[in-house]
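Chemist: A single structure is presented below for examination.
The values are calculated or read from the model by the stated rules, or taken from the named source; none is laboratory data. On a predicted model such as this, the values are computed, not experimentally measured, just so you know. Counting neighbours? That spans all protein chains shown, and the Cβs are built from the backbone with ideal geometry, glycine included. Surface areas here come from the heavy atoms of the whole protein model, side chains and all, with no ligands, DNA or RNA. Shrake-Rupley method; radii C 1.70, N 1.55, O 1.52, S 1.80 Å.
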Amino acid sequence: MRLKSIPLGILIFFILFGGIAFTSAMNWWQTESSKIPARYTEGEAAGQYNPADIRGSYTFGDINKNFGIPLTDLQAAFRLPAGGDVSTIKVNSLETLYEGLTVEMGTGAVRLFTAFYLGLPYDLASNEETFLFPEAAAVLKTNGKMTADQ
């Protein structure tokens, strides 16, 4: 059996757009990130959001919304500019903001700060090159719920 070009074109059209329509109807088709981190599945922190799932595309507003860390604490901890809307600054912009430093300041630092601020478990062995500013340490000592190990 051979298909001619017109029926084949129609068939391809329906398979392509029909697949998109079907997955949209089933609510499987997503073109944007939901900005909701994964949750811990076991241990004392089971059910809470996992800071290790913070992505560079998250904004500080997303971190505030998901983890409940006040924007003023985030602004102080990461030396974010005053006067602007801190909630719209993306986490991955820290890398370009502090590219002149001898250590990398980026998404890993935000993950570490968030875990320590909330007293959540965090694997330091896999993130050996993560640093925090002295201001972040001061915020953690004042407002954080760090565990004795942290």
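Chemist: Normalised by the residues of the chain, what does the relative contact order come to in percent, with Cα pairs under 8 Å and at least six apart?
Modeler: 19 percent
Chemist: Ratio of segment 1-77's C-alpha Rg to 2.2 N^0.38 Å, to two decimals?
Modeler: Relative to the 2.2 N^0.38 Å estimate, segment 1-77 comes out at 1.91.
Chemist: Excluding ligands, DNA and RNA, what is the solvent-accessible area per residue of the chain at a probe of 1.4 Å, expressed in Å²?
Modeler: Using a 1.4 Å probe on heavy atoms only, each residue of the chain averages 65 Å².
Chemist: In deg cm²/dmol and to the nearest 500, what is the mean residue ellipticity at 222 nm of the chain if only DSSP H runs of at least 4 residues count, each as -39500 (n - 2.57), divided by the residue total?
Modeler: Theoretical 222 nm ellipticity from helices: -12500 deg cm²/dmol.
Chemist: Next question. Which residue fluctuates the most in the chain, going by a Gaussian network model with Cα springs under 10 Å, if the choices are 53, 123, 73?
Modeler: For the chain, modelled as a Gaussian network with Cα springs under 10 Å, the answer is 123.
Chemist: Under DSSP H, which helices of the chain have Cα atoms covering 27 Å or more of the helix axis and a Kyte-Doolittle average no less than 1.6?
Modeler: Helices passing the filter in the chain: 5-25.
Chemist: If I compute solvent accessible area with a 1.4 Å probe over the protein chains, what percent of it on the chain is carbon and sulfur?
Modeler: After summing per-atom areas, the C and S share lands at 57 percent.
Chemist: What's the local net charge at residue 106, with K and R +1, D and E -1, over the other residues with C-beta under 12 Å away?
Modeler: Value of the local net charge: -1.
Chemist: For segment 71-81, what does the Karplus curve 6.51 cos²θ - 1.76 cosθ + 1.60, with θ = phi - 60°, yield as ³J(HN,Hα) per residue in whole Hz, taken in order and with x for Gly and Pro?
Modeler: With coefficients 6.51, -1.76 and 1.60, one gets 4, 5, 5, 5, 4, 5, 5, 10, 6, 6, x Hz.
Chemist: Please list the three semi-axes, largest first and in whole Å, of the ellipsoid equivalent to the chain, using sqrt of 5 times the eigenvalues of its alpha carbon gyration tensor.
Modeler: Semi-axes from the Cα gyration tensor: 42, 19, 15 Å.
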